[in-house]
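Peer 1: I have a structure I would like to understand better, so I am pasting it below and will then ask my questions one at a time.
The values are calculated or read from the model by the stated rules, or taken from the named source; none is laboratory data. Since this is a predicted model, take the numbers as computed values, not measurements. When we count neighbours, we look across all protein chains shown, and the Cβ atoms used for this are built from the backbone with ideal geometry, even at glycine.
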């Protein structure tokens, strides 16, 4: 039963193969098994590739099965149509379109399995790329918020410096009027005289101005700090909103690009493996020796070709002979007076009927 199934997969004519030896049947069963397992590998690889793209297992299995059927039908058709010839070059030339297609299919099939085989290495490359993208994303987003934050920070520093400068000035005035009272500076007279009062009033006025400045600047600083906090919060929110895009950077194209950054030699050998698998049905048919099945098939096709050629030749002779006979018959009766008189009589009747019909039509119009 299994052998019959594999023979079906090979596309061989079972009526002819039943007349051949068991060894010949085993040979074509082996070719059919190669076709079948190539289709199975194509189904698995295509399913995994589609699962990587769509992330839906039922959809991937369904379309992977369709792809496997396509490859199975294509291989079965090509293997069944490759005829054993006396020249290996002619057979290879006949199979060349399938070999070119096998290279394309091998690339398509090998890539998804390479992605699975080198999954850990690819994940490491993607992790490094994601980290780099995260830093670059933060730097790019910071360009939207940093200038405003820096401007507000600079303004706060200026406001704080104004307070410090004012405090320094007030402290100097305080030291001035205290030194005047102690007689260390100014008039150098100990006591609270007119000069002391003048300097004390100036200090008190500046102290009030300092308090007003401190109150005003602190209010501005608090407002700026609140605005800085808002900008910082917006920046963090923006980073958090864009991070899932970076975290999701692991699609098929991203993994293929990451695979290309790995050493090429292992991938190349995997490609060669699948190229050998894809071309195995063709290679099996090309390398198989010419056997009884091929001879019987060639004999049957030759017999059909001879029979069709013979029928065509007979039809051509029949048409030529019939034409010659007709020419001779009509040539013989062309000079007969009886035939001439009969055709002249019928022609006269036909012209009379045409004249009568024309007369009736004209009369009806009038």
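Peer 1: Do you know which residues across region 1-17 are surrounded by fewer than 20 Cβ atoms within 10 Å (Cβ to Cβ) and more than 20 Å from residue 83 (Cβ to Cβ)?
Peer 2: Once the filter is applied, which keeps residues that are surrounded by fewer than 20 Cβ atoms within 10 Å (Cβ to Cβ) and more than 20 Å from residue 83 (Cβ to Cβ), region 1-17 yields 1, 2, 3, 4, 5.
Peer 1: Quick check on residue 49: is it under 14 Å from residue 252 (Cβ atoms) and in a helix (DSSP H, G or I)?
Peer 2: Yes; evaluated as a whole, the condition is true for this residue.
Peer 1: Scan region 81-96 and tell me whether some residue there is part of a helix (DSSP H, G or I), buried (at least 20 other Cβ atoms within 10 Å of the Cβ), without any contact (Cβ under 8 Å) to a residue 40 or more places away in the chain and at negative phi.
Peer 2: So far as region 81-96 goes, no, none of its residues is part of a helix (DSSP H, G or I), buried (at least 20 other Cβ atoms within 10 Å of the Cβ), without any contact (Cβ under 8 Å) to a residue 40 or more places away in the chain and at negative phi.
Peer 1: Need the failing condition index for residue 110 against (1) in the same structural domain as residue 219 (by TED's automatic domain parsing); (2) crowded, with 17+ Cβ neighbours inside 10 Å; (3) more than 30 Å from residue 237 (Cβ to Cβ), just the number.
Peer 2: (1)
Peer 1: Determine whether residue 100 is at pLDDT 80 or above, under 22 Å from the mean Cα position of the chain (by Cα) and within 17 Å of residue 283 (Cα to Cα). Show your work before the answer.
Peer 2: Values: at pLDDT 80 or above: yes; under 22 Å from the mean Cα position of the chain (by Cα): yes; within 17 Å of residue 283 (Cα to Cα): yes.
Yes, satisfied.
Peer 1: Testing residue 20 on (1) at pLDDT below 75; (2) surrounded by 14 or more Cβ atoms within 10 Å (Cβ to Cβ); (3) not in a helix (DSSP H, G or I), one condition comes back false. Which one is that?
Peer 2: Failing condition for residue 20: (1).
Peer 1: From the set of residues in region 23-45 that are more than 19 Å from residue 283 (Cβ to Cβ) and modelled with pLDDT of 80 or more, which is surrounded by the most Cβ atoms within 10 Å (Cβ to Cβ)?
Peer 2: Filtering region 23-45 for residues that are more than 19 Å from residue 283 (Cβ to Cβ) and modelled with pLDDT of 80 or more, the one surrounded by the most Cβ atoms within 10 Å (Cβ to Cβ) comes out as 43.
Peer 1: Continuing with the same structure: With respect to residue 323, is the statement that it is assigned to a helix (DSSP H, G or I), modelled with pLDDT of 80 or more, in contact with a helix residue (DSSP H, G or I) (Cβ under 6 Å, 6 or more places away or on another chain) and outside the structural domain of residue 107 (by TED's automatic domain parsing) true?
Peer 2: For residue 323, the condition - assigned to a helix (DSSP H, G or I), modelled with pLDDT of 80 or more, in contact with a helix residue (DSSP H, G or I) (Cβ under 6 Å, 6 or more places away or on another chain) and outside the structural domain of residue 107 (by TED's automatic domain parsing) - is not met.
Each row is one residue, and each column tells you yes or no for (1) under 38 Å from the mean Cα position of the chain (by Cα); (2) in the same structural domain as residue 275 (by TED's automatic domain parsing); (3) under 16 Å from residue 279 (Cβ atoms).
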| position | (1), (2), (3) |
| --- | --- |
| 13 | no, yes, no |
| 16 | no, yes, no |
| 21 | no, yes, no |
| 37 | yes, yes, yes |
| 47 | yes, yes, no |
